[in-house]
Every structure is written in structure tokens, then in C-alpha cells.
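Participant: This is the structure, below, for whatever I ask next.
The values are calculated or read from the model by the stated rules, or taken from the named source; none is laboratory data. Note that the coordinates shown come from a computational prediction; the quantities given were computed from them, not determined experimentally. Cβ placement follows ideal geometry from the backbone for every residue including glycine, while neighbour counts extend to all protein chains displayed. Accessible surface is based on the protein model in full, side chains and every heavy atom, while ligands, DNA and RNA are left aside. Shrake-Rupley method; radii C 1.70, N 1.55, O 1.52, S 1.80 Å.
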Amino acid sequence: MQRVVCPGSFDPATNGHLDIIGRACGLYDEVVVAVLINITKHSLFTVDERVDMLREVTKGYGNVRVERFHGLLVDFCAANGITAVVKGLRAVSDFEYEMQMAQMNYRLAKVETLFMTTNPLYSFLSSSLVKEIAKYGGDVSELVPELVLSQLQGRLASELPDGEPHRVG
Ligand code: PNS
């Protein structure tokens, strides 16, 4: 059984994440989507919310498991019988940091990292930009799954003071 992990913050999951997860599903027996529990980083969605959304939007694939993790990714891999990480590479700007993490994960525990080039449709896409655009009323309806769009609408509507734009789709 070839099992890989797609790790990340997923705050929230975008169509770019789903593209990588879906393509990994076609290559490996099982894809574990691992949501980082990072208490020091301010997140728009709680870890539970992110996990729930990911489970819903990936349920059609059939070979995806969504989990949460804290601490080192290599420890999560060891505990779950995972020998490789699958990551999307959007642009050259991603490369330096991703290569550093990949080399460190290999150095720490011989965990391999496999990079997939992002679909050009999503090469500009990030969770941070989605949140920023949505916050100021931009249309992100083609950038995130429908479920994420509705959760974003609800969350931003409840977070923003009256009078601020909060149209997200
Ligand atoms: O979506 P993100 O925030 O870019 O994902 C980053 C993530 C979760 C893949 C990375 O921060 C990570 O692996 N964190 C776990 C802690 C760890 O193992 N750090 C050492 C990396 S070499």
C-alpha cells in the first residue's frame, strides 16, 4: 500500500489544494491530508472546521483520509506508515522554502518529498489571498469549493463590523 501525505494549514482549502490532492489520489493507494494544528498562528477557521470542510470536499475521491497533526511532520509520517510527502509547487517563489523543508524532512527521517507542478489555472492561488480578497468583497467563487465559499461568507459576515464589504461570491 502506497500511502502519502498532503500536509498544510488549509485555512481554508482552495481549488489549488484540491487539484493536488485529486491528482495524488490517482497515483497512490491512500492520500492522507494532514491539517497542521498551529496554536501560534491566527486562523480564520478552527482546525475542526478545516478538517470537516476537507472531509466533505474530498469524500468523492474514495482514497483520502483527513487528519490533524501537531509537532513534526516526520513524526506524523512515522506514526502513520507514510514515507512520502506530496506538495504542489506554484512558482519559483515557492521553491526555496519547499526545497529546504524537503531536504530537512529527508535529513530528519528519510521522508521523501514529491513535488507536483500546480495546474496553471491555480498558480496564483493561496489561502491567504482568498481570505484577503473575500474580506474586501472580491469574488472568489471560482477559487474555492462551494462549501468553503459558503463557510467563508458566514465567517466574514460575522467577523466584519457593519458597513464593511463582505460579499465573497
Ligand atoms: O499550508 P502551509 O502552512 O504552507 O503548510 C506548511 C506545513 C504544515 C507543511 C509545514 O509548516 C510543516 O510541515 N509543519 C510541521 C512542523 C515541521 O515538521 N516543521 C519542520 C519542517 S522541515
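Participant: Using a simple charge model, +1 on the beta-carbon of Lys and Arg, -1 on the beta-carbon of Asp and Glu, nothing else, what dipole does the chain show about its Cα centre, in debye to the nearest 20?
Facilitator: That gives a dipole near 380 debye.
Participant: Related question: Residues with amide H under 5 Å of VAL144's amide H, sequence separation 5 or more or different chain, H placed in the peptide plane at 1.01 Å from N; which?
Facilitator: ASN15
Participant: Excluding GLU56 itself, calculate the net charge of residues whose Cβ lies under 12 Å from the Cβ of GLU56, where each Lys or Arg counts +1 and each Asp or Glu counts -1.
Facilitator: The answer is 0.
Participant: What is the set of long-range amide H partners of PHE69 at a cut-off below 5 Å, with H atoms built 1.01 Å from backbone N?
Facilitator: VAL35, LEU36, ILE37
Participant: Further question: Give the angle, between 0 and 90 degrees and rounded to the nearest 10, that separates the Cα long axis of helix 92-109 from the longest principal axis of the Cα atoms of the chain.
Facilitator: Taking Cα atoms only, the helix is inclined about 40 degrees.
Participant: Would you kindly derive the ³J(HN,Hα) couplings of region 19-28 from the backbone phi angles with the Karplus curve 6.51 cos²θ - 1.76 cosθ + 1.60 (θ = phi - 60°), listing them in order in whole Hz, with x for Gly and Pro?
Facilitator: Taking θ as phi minus 60°, the curve returns 4, 5, 4, x, 5, 5, 4, x, 9, 10 Hz for region 19-28.
Participant: So which trypsin sites (Lys or Arg not before Pro) in region 28-136 end up in coil per DSSP with only 16 or fewer other C-beta atoms within 10 Å?
Facilitator: LYS41, LYS59, LYS110
Participant: Taking θ = phi - 60°, what integer Hz values does the Karplus form 6.51 cos²θ - 1.76 cosθ + 1.60 yield along region 141-153, in sequence order, with x for Gly and Pro?
Facilitator: Couplings: 5, 9, 10, 9, x, 3, 4, 5, 4, 5, 5, 5, 4 Hz.
Participant: Related question: On a C-alpha basis, how far is the centre of region 17-53 from the centre of region 64-116 in Å? Whole number, if you could?
Facilitator: So the two Cα centres are separated by 13 Å.
Participant: Starting from the eigenvalues of the Cα gyration tensor, five times each then square-rooted, give me the equivalent ellipsoid semi-axes of the chain, largest first, whole Å.
Facilitator: 28, 16, 16
Participant: Moving on to the next point. Protein chains only, probe 1.4 Å: how do HIS17, HIS42 rank by accessible area, largest first?
Facilitator: Accessible-area ranking of HIS17, HIS42, largest first: HIS42, HIS17.
Participant: Per-residue accessible area for SER127 at 1.4 Å probe radius, Å² rounded to 10?
Facilitator: Answer for SER127: close to 20 Å² accessible.
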